[in-house]
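Okay, so here's the structure we're looking at.
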Protein chains: 2
Amino acid sequence: MLIVQKFGGTSVGTIDRIRNVARRAIATQQQGHDVVVVVSAMSGETNRLLGLAQQISSIPDERELDVIASTGEQVTVGLLALAIHAEGGKASSLLGHQVRILTDSAFARARIQDIDDKSVRETLRAGKIAVVAGFQGVDKDGNITTLGRGGSDTSAVAVAAALKADVCEIYTDVDGVYTADPNVVRSARKVSRISYEEMLELASLGAKVLQIRSVEFGMKYQVPIHVRSSFNDNEGTWVVPEEKSMEAVVVSGVTATRDEAKVTLSGLIDKPGIQAQVLRPLAQAGIVVDVIVQAHIQNGRTNLTFTLPGSDLARAKDILSKAGADLCPPEQIKTEENLSKVSVVGVGMRSHAGVALKMFEILAADNIHIHLISTSEIKISCIIEAKYAELAVRSLHDGFGLGQA
Amino acid sequence: MLIVQKFGGTSVGTIDRIRNVARRAIATQQQGHDVVVVVSAMSGETNRLLGLAQQISSIPDERELDVIASTGEQVTVGLLALAIHAEGGKASSLLGHQVRILTDSAFARARIQDIDDKSVRETLRAGKIAVVAGFQGVDKDGNITTLGRGGSDTSAVAVAAALKADVCEIYTDVDGVYTADPNVVRSARKVSRISYEEMLELASLGAKVLQIRSVEFGMKYQVPIHVRSSFNDNEGTWVVPEEKSMEAVVVSGVTATRDEAKVTLSGLIDKPGIQAQVLRPLAQAGIVVDVIVQAHIQNGRTNLTFTLPGSDLARAKDILSKAGADLCPPEQIKTEENLSKVSVVGVGMRSHAGVALKMFEILAADNIHIHLISTSEIKISCIIEAKYAELAVRSLHDGFGLGQA
């Protein structure tokens with residue numbers, strides 16, 4: 001088999017941990033597999049490097065920032081290759097421009113366009129473990145680029161896709177993907193298999209095990225992803241194409257995000273383009289709006305409600321009361337803080353009626369008021385008061401029978 | 001003019017110093033020049049990186065060592081480019097593989113083979129300062145290489161040669177090249193112009209202002225080198241092709257090296273190849289032998305004397321008493337420590353008789369015993385007891401009239 005293994009900053013955070021990674025890669029190779037290891041910078045290193053840049057400039061040039069930040073992974077691949085040698089194995093490091101991970105030129109958030117598999121294949125053919133720097137690439141003009149935070153997951157899955165690897169193993173400090181946060185729900189269960197679609201919803205909802213872009217990549221190129229612990233050899237969670245059997249499970253996970261805020265603009269003139277007019281200045285200020293709901297159209301007037309991170313609320317209010325004066329009077333802008341978004345996710349929902357109803361009933365039984373509802377094909381989200389979030393997650397987890405193995 | 005400026009690790013050792021370098025480069029550009037800046041890693045950084053590698057392996061793979069070590073300069077070029085932006089200038093960083101500084105594949109001590117001037121010229125044409133990473137290159141297979149300690153001087157002069165720069169300015173923490181070490185000889189004078197040949201002799205004799213390979217490069221491609229202080233705007237020392245006027249000056253500098261040791265093997269059979277037979281095991285052990293003198297051939301027997309660093313003496317003795325048993329009996333191996341090599345250098349020597357005689361007379365006047373003598377076209381070296389080294393340097397400096405401006 002051809003196996004791509006990805007280790008994050010914590011897994012390579014010390015010399016001893018780098019040695020552990022080396023041993024695991026060698027052990028995998030000794031089982032008869034071709035092994036490619038993708039690594040992040042040692043934990044703390046990227047922040048140290050960006051801190052140096054910040055000392056010089058508060059808005060540093062992103063091309064130069066990428067030159068600096070990419071050294072973090074460069075050091076790790078060198079050290080890991082040395083560690084594999086020291087443990088008796090054979091390895092060669094490969095940087096983004098050496099593999100040739102071609103990206104666009106959007107420095108600090110580059111997108112992978114193409115990966116040349118030649119240098120990695122040559123390394124494997126020589127009986128070596130290929131140690132590839134995550135997070136970094138090179139644009140068509142030879143400039144060094146980085147993929148943005150968490151980009152090493154994406155590098156790993158993209159490399160796996162280019163090599164048509166049998167599996168991309170993502171090593172983390174948890175055992176896999178759980179039906180809910182085990183710190184909140186004691187009966188939370190590790191999921192053995194989950195579809196890309198479900199994983200996408202869970203990732204975007206705050207389950208931090210996998211970077212969302214890496215799941216998109218995996219889905220696009222059908223790369224089996226195995227999320228597992230770097231501390232043991234247990235099977236983790238396989239993220240795979242949707243399977244028939246999955247539909248039997250209506251809900252596969254429950255998640256909650258914290259620190260949500262809500263903004264409602266009432267009495268807006270109901271004309272085409274009104275929504276864009278409201279949201280454009282927020283987007284320009286880099287504020288990410290999440291759930292958007294429009295309702296109550298009466299007498300040519302409409303209400304628009306949306307959620308955003310609580311930390312952006314003050315700025316958003318300020319922007320809207322200036323920009324929106326001709327849209328709706330400032331006194332008609334209402335805000336609310338300390339909210340949470342609780343969601344249930346599952347591909348089985350598509351063919352099962354009544355999931356939303358059941359969710360509302362479970363929340364109602366706990367006397368939890370629902371502020372907003374948003375649904376997708378495989379997800380239902382409710383905005384509730386944050387203080388009820390943990391209770392809601394536990395009740396939904398129990399109510400949908402997720403604790404039963 | 002096209003000016004290459006090189007700043008070492010101390011000159012870019014802190015964020016504030018990087019800002020100073022940025023200001024100097026911008027000021028030079030504002031005088032109407034094209035500016036290329038070559039920088040080293042921040043002081044201490046290369047040792048930190050190699051320390052990490054040492055923790056993993058005591059004999060680390062040199063290819064991977066270069067991947068790790070080269071990040072030091074990569075961080076500096078990024079930070080300096082940011083600093084130039086922050087100070088209102090325009091700049092782009094260029095790594096070894098981006099310039100394309102092509103080297104052989106001798107990792108950790110690579111030799112520059114070719115430099116492509118295209119990317120640097122494009123950067124300059126865009127009105128930018130080109131910030132080039134010193135010390136690093138890339139081999140024909142795209143592997144990252146480094147030039148060995150002090151390699152940034154060589155990078156700078158090589159880049160200057162490739163661009164046919166008008167001058168390569170080497171910034172250091174001293175004002176230039178002196179007739180002797182100012183800490184030893186109070187009347188030591190800064191030399192305003194010196195030939196490549198003289199600089200080569202001085203560099204190899206322990207004047208640490210310029211890396212010896214960079215002088216060789218400068219001589220080969222006739223690049224004017226200007227050694228000057230990073231703390232002021234004073235003229236430093238120009239290292240240039242030999243000029244007629246230089247011959248008027250018989251001696252241009254006096255230097256001394258410390259911690260020399262001497263080994264004498266007596267009663268060696270005088271046959272072809274005997275010298276190589278003695279020195280080969282030392283070379284294989286990485287021991288660098290300096291002055292070699294052979295004399296006193298009698299009855300088919302000869303004596304061989306050579307000097308080496310005092311710190312290598314114990315190992316050398318051990319190697320020779322094993323390897324040389326069939327050459328000469330161990331009891332005929334004599335050693336002496338605590339020696340110093342005192343040298344006078346000057347292109348004028350070629351046309352002036354009696355320089356050696358004068359040197360011997362000056363040393364004799366101080367009652368200094370000469371253990372060994374070695375001469376080149378433009379240099380005379382005497383091995384003396386180390387405790388007399390400073391006295392000898394002062395007396396020679398005075399005796400040859402170097403203190404007079």
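Rule-based calculations on the coordinates, nothing more; no lab input. These figures come from a predicted structure and were not determined experimentally. Every residue, glycine as well, gets a Cβ built from its backbone with ideal geometry; the counts of neighbours run over all protein chains shown.
See the values below:
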item: Residue with peak Gaussian network fluctuation, chain B [Cα springs, cutoff 10 Å], from B:Asp104, B:Asp61, B:Asp173; result: B:Asp61
item: Signed unit charges on C-beta, dipole axis of the protein assembly as shown, positive-most listed residue A:Ile383, A:Leu2, A:Thr307; result: A:Leu2
item: Shielding by other protein chains, A:82-88, mean Cβ within 10 Å; result: 5
item: Rounded, prolate or oblate (a/c below 1.5 giving rounded, otherwise prolate when a/b exceeds b/c) for the stretch A:2-172 by Cα gyration tensor; result: oblate
item: Per-copy distances of the A:Pro182 label point, shortest first, in nm (7 angstrom along Cα→Cβ); result: 6.7
item: Surrounding net charge for A:Ala316, when Lys and Arg each add one and Asp and Glu each subtract one, Cβ distance under 15 Å; result: -1
item: In degrees, nearest ten, helix B:355-365 long axis to first principal axis of chain B (Cα); result: 70
item: Value at 222 nm in deg cm²/dmol, rounded to 500, when DSSP H runs of n ≥ 4 in the protein assembly as shown each add -39,500 (n - 2.57); result: -10500 deg cm²/dmol
item: Distant-in-sequence amide H partners of B:Ile129 (H built 1.01 Å from N, under 5 Å); result: B:Lys90, B:Ala91, B:Ser92
item: With Cα atoms, 0 to 90° folded angle of helix A:151-163 axis to chain A main axis; result: 60
item: Cα-based helix-to-principal-axis angle, B:71-86 vs chain B, degrees rounded to 10; result: 40
item: For chain A, radius of gyration divided by Kirkwood radius, i.e. Rg to Rh on alpha-carbons; result: 1.02
item: Net charge, A:Val120 excluded, C-beta distance under 13 Å - Lys, Arg +1, Asp, Glu -1; result: +2
item: Nearest beta-carbon to the B/A symmetry axis - residue in chain B, distance in Å; result: B:Thr71, 2
item: Cα-based radius of gyration of the stretch A:251-326 once divided by 2.2 N^0.38 Å, which approximates compact folds; result: 1.20
item: Test item: Cα-centred dipole of the protein assembly as shown, Lys/Arg +1 and Asp/Glu -1 on Cβ, debye; result: 160
item: Inter-probe distance in nm under a simple model that places probes 7 Å from Cα toward Cβ, at A:Asp104 and B:Leu357; result: 8.2
item: Charge dipole of the stretch B:2-172 about the Cα centre (unit charges at C-beta), most positive-ward option of B:Thr28, B:Ile170, B:His97; result: B:Thr28
item: Compactness of the stretch A:136-287 - radius of gyration and Dmax, Cα, Å; result: 19.1, 60
item: Ascending list, in nanometres, of distances separating the B:Ser266 label from those of the other copies (7 Å, Cα toward Cβ); result: 11.2
item: Under 13 Å from the Cα of B:Lys334 - aspartates and glutamates, other chains or at least 8 residues apart; result: B:Asp318
item: For chain A, built as a Gaussian network whose Cα springs stay under 10 Å, the top-fluctuating residue of A:Leu52, A:Leu372, A:Leu308; result: A:Leu52
item: Reachable lysines, given that their alpha-carbon falls under 23 Å from the alpha-carbon of B:Lys90 and they are not under 8 places away in the same chain; result: A:Lys140, B:Lys6, B:Lys118, B:Lys128, B:Lys164
item: Kirkwood Rh, Cα atoms: Rg over Rh of the protein assembly as shown; result: 1.11
item: Cβ-defined net charge surrounding A:Gln294, 12 Å radius [Lys, Arg +1; Asp, Glu -1]; result: 0
item: Cβ-placed point charges (K, R +1; D, E -1), dipole of the stretch A:282-345 about Cα centre in debye, nearest 20; result: 80
item: Position B:Pro329, label points 7 Å along Cα→Cβ, spacing to each other copy in nm (shortest first, one decimal); result: 11.8
